[in-house]
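The values are calculated or read from the model by the stated rules, or taken from the named source; none is laboratory data. Keep in mind the model is a prediction, meaning the values are calculated, not measured. Note: ideal-geometry Cβ built from the backbone for every residue, glycine included; neighbour counts use all protein chains shown.
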Amino acid sequence: MEILNYDIVILGSGLAGMRAALQASMASNGKLRIAMLSKLHAMRSHSVSAEGGISGVLYPGENGDSEDLHGYDTAKGADFLCDQDAVEVLIKHAPEEIKLFDHLGVPWNRGADGRIVLRAFGGMSVPRTAFAADKTGFFMLSALYDNLLQFSNIEIFHEYMATGIVCDKDRFIALTALNMATGETTAFTAPSCIIATGGFARIYGFTTTAYSSTGDGIALAYEAGLPLKDMEFVQFHPTALIPSGILITEAARGEGGYLRNANGDRFMERYAKSKMELAPRDIISRAIVTEVEEGRGISDKKYGDAGYVHLDLTHLGEAKLDERLPMIKEIAIKMIGIDPAKEPLPVRPASHFTMGGIHTNIDGMVMLDAKKPMSNLWAAGECGCVSVHGANRLGSNSLSQCIIWGKITGNAAAKHAIDAGSKPADVDAKLLDDREASVHRLLDSDGTEDPYAIRREMWRTMDAYVGPYRTADALTKARNAIADLRRRFTDVRIGDHSMVYNTNLRDAIEIGHMLELAYVTTACALNREETRGAHARREFTKRDDEKWLRHTIAQASKTGAVRIGYADVKITKWKPEERKY
Ligand SMILES: Cc1cc2nc3c(=O)[nH]c(=O)nc-3n(C[C@H](O)[C@H](O)[C@H](O)COP(=O)(O)OP(=O)(O)OC[C@H]3O[C@@H](n4cnc5c(N)ncnc54)[C@H](O)[C@@H]3O)c2cc1C
């Protein structure tokens, strides 16, 4: 197997991975050799589809805004499960990052006075979300990518899919990756590694996320014995377009859109009177489910069996839609033939974001256990749980988190690589061969199970039993069903046995990862007997701070069961209070 040695290897080229690469390059004056891997072309990373914007207090004092208020909103939105020392880092650094991206070339929407305009977002007390129309992710990612191309020390390995993370005790040693173009496995070693592989909301069938959001880095870390944190907390976005699940950004409500039930009522009045359509996502998603369950939903066979509600943008007017939400207008017209200037859009909640992920400390260092970090492995972006989002993320806080911890981990990885010098690590070839062999076992297997049938069954199970509302009965059914699918997956057979661009093989690897993460999510959800943020249990309808104000830590065990432990939540400034909107 080919072994390539670098100073830093970055797994993933979304906003977190690219921001880390930029920082590590700048920190070393372009001296460190950096490999950045992406299973897709880097510009197809899921960050490209972020729509509504990025949070940050650009104008302290205006509208009564302050970093402290941003922190309070974030902690309250998180139902106080976030680590507040990390939230303090987020609110402090978000404004300078938005300004950096201005310099990198993002065309932020501006007012007549030339200043960057801010829009309202759910759970935020005042407008503090900067945006580039409704294509914020596209502009941010392309600005970063354009800038990275100027650094000759960064090599981007497009369409290299990581298949293993090899560690030795508290040290990262190497990654193995499948080159999609040839089917060959290459190993990448470096004194520093950053995982930035995004979230895993694709474990659900009805989702706003891309087919690629399969949580590979999280699954590989789990497989390597590393702990995961707060995996039960999955965000359901209230307004996914039916029937595809394509996101209709929260900015549509930030710009003044209404949610209406079958009677035409703005039903959010019953659930969050002061915030209405700009309540946090967990509350609105549950409100929609309740409206449908209580018979006030809308149904139309052409959109399937599930009931839905209307997102009404008709009163905003054509000009505002064209200026602020052009992509939403285009999506609605192209996907379902509805012009949102003229008719309301059919929407219902879909899985959207995963608050949980690889357990990291405040510096993004991957934790080995409750106290000890790995010496040279970091995780940034949606795959890492530094825990600024706690039990429920506020919209537009993710992009800030991705780039801030991209910067933090890029700096730290660069410093570590410089200190370590350029001596290549000793690699036990057998460990690398084992990773390659496991891919070949899948490729050559003459089993009987169709991976796509298993994936359909996983999606059906997660949609039906692990949604915005959860019960012990439903979660137990889900856990047993996913356990059965894991067992069936060991006898899987893929249709294409060739080496070149074998997308069947890629899909099967992803399905294996998703099954593990679906299993962990379900086990952790069953374990947490309270309602907090996005995790709502029908039998335990209240938040229980005495017993459950703590992070869930999940680790793999030899039997395949999930070992569950806990970690403390850090409270600094904002005392837990009842969450009312
Ligand atoms: C439709 C949509 C709109 C959103 N809009 C907003 C918004 O407006 N504001 C906001 O704050 N948040 C938004 N979010 C959330 C936000 O976009 C994501 O949390 C964020 O972009 C994640 O970035 P990332 O860098 O962590 O990962 P990603 O952008 O998902 O990138 C992951 C990278 O890892 C690579 N990768 C994964 N697995 C492997 C593997 N096995 N081998 C090699 N490479 C691998 C991928 O190729 C990719 O390069 C939105 C989410 C969705 C779904």
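Quick notes on this one:
Condition check ((1) closer than 18 Å to GLU382 by Cβ; (2) at pLDDT 95 or above; (3) acidic (Asp, Glu)) across all residues:
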position	(1), (2), (3)
ARG33	no, yes, no
SER45	yes, yes, no
LYS76	no, yes, no
GLU88	no, yes, yes
GLU96	no, yes, yes
ARG115	no, yes, no
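- Every residue from the range 51-83 that is touching a Phe, Trp or Tyr at 6+ places or on another chain (Cβ under 8 Å) and surrounded by fewer than 24 Cβ atoms within 10 Å (Cβ to Cβ): ASP65, GLY71, TYR72, LYS76, PHE80
- Flag if SER398 is in contact with a strand residue (DSSP E or B) (Cβ under 7 Å, 6 or more places away or on another chain), at pLDDT 95 or above, part of a strand (DSSP E or B) and within 30 Å of ASN261 (Cα to Cα): no
- Pair list, Cβ < 6 Å and 6+ apart or interchain, from the range 17-37 residues that are under 11 Å from ILE154 (Cβ atoms) and of a type in the set (Gly, Ala, Ser) to residues that are assigned to a helix (DSSP H, G or I) and within 9 Å of the ligand (Cβ to nearest atom): ALA20/GLY406
- Annotation: of all residues in the range 31-86 being β-branched (Val, Ile, Thr) and more than 17 Å from the chain's Cα centre (by Cα), the one that is farthest from GLY421 (Cα to Cα) is VAL57.
- Taking the criterion of being buried (at least 21 other Cβ atoms within 10 Å of the Cβ) and among the aliphatic types (A, V, I, L, M), the residues of the range 133-147 that qualify are ALA133, MET140, LEU141, LEU144.
- Scanning the range 215-247 for residues that are away from the ligand (no atom under 13 Å from the Cβ) and among the charged types (D, E, K, R), we see that the one that is surrounded by the fewest Cβ atoms within 10 Å (Cβ to Cβ) is LYS229.
- Among the conditions (1) under 29 Å from ALA561 (Cβ atoms); (2) away from the ligand (no atom under 12 Å from the Cβ); (3) surrounded by fewer than 24 Cβ atoms within 10 Å (Cβ to Cβ), SER212 misses just one, which is (2).
- Strands (runs of 3 or more DSSP E) enclosed by the range 181-252 - at least 3 residues per element that are modelled with pLDDT of 95 or more and either within 17 Å of MET514 (Cα to Cα) or of a type in the set (A, V, I, L, M, F, W, C) (or both): 192-195, 234-241
- Verdict on LEU442 being of a type in the set (A, V, I, L, M, F, W, C) and over 30 Å from HIS497 (Cα atoms): no
- Test result for VAL48, away from the ligand (no atom under 11 Å from the Cβ) and closer than 19 Å to PHE101 by Cβ: no
- Check on ILE408, within 16 Å of the ligand (Cβ to nearest atom) and touching a Cys at 6+ places or on another chain (Cβ under 7 Å): no
- Residues in the range 262-276 that are under 19 Å from GLU294 (Cβ atoms) and charged (D, E, K, R): ASP265, ARG266, GLU269, ARG270, LYS273.
Listed here are the residues, each with its yes/no results for (1) farther than 23 Å from HIS535 by Cβ; (2) among the small types (Gly, Ala, Ser).
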{"residue": "GLY264", "(1), (2)": "yes, yes"}
{"residue": "LYS273", "(1), (2)": "yes, no"}
{"residue": "ALA279", "(1), (2)": "no, yes"}
{"residue": "ARG286", "(1), (2)": "no, no"}
{"residue": "ALA306", "(1), (2)": "no, yes"}
{"residue": "LEU316", "(1), (2)": "yes, no"}
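- Taking residues in the range 425-440 that are assigned by TED's automatic domain parsing to the domain that holds SER498, and partners anywhere that are assigned to a helix (DSSP H, G or I), the pairs with Cβ atoms closer than 9 Å and at least 6 places apart or on different chains are VAL439/LEU505; VAL439/ILE509.
- Residues of the range 404-425 satisfying the condition of being closer than 19 Å to VAL89 by Cβ and either in a loop (DSSP other than H, G, I, E, B) or touching a Phe, Trp or Tyr at 6+ places or on another chain (Cβ under 7 Å) (or both): THR409, ALA412, ALA413
- Every residue from the range 546-581 that is acidic (Asp, Glu) and touching a strand residue (DSSP E or B) at 6+ places or on another chain (Cβ under 9 Å): ASP568
- Only one of the listed residues (GLY390, GLY357, GLY384) is crowded, with 20+ Cβ neighbours inside 10 Å, farther than 17 Å from GLN84 by Cα and not assigned by TED's automatic domain parsing to the domain that holds HIS315. That residue is GLY357.
- Some residue of the range 436-446 being within 24 Å of ARG171 (Cα to Cα), within 12 Å of the ligand (Cβ to nearest atom) and not polar (S, T, N, Q): yes
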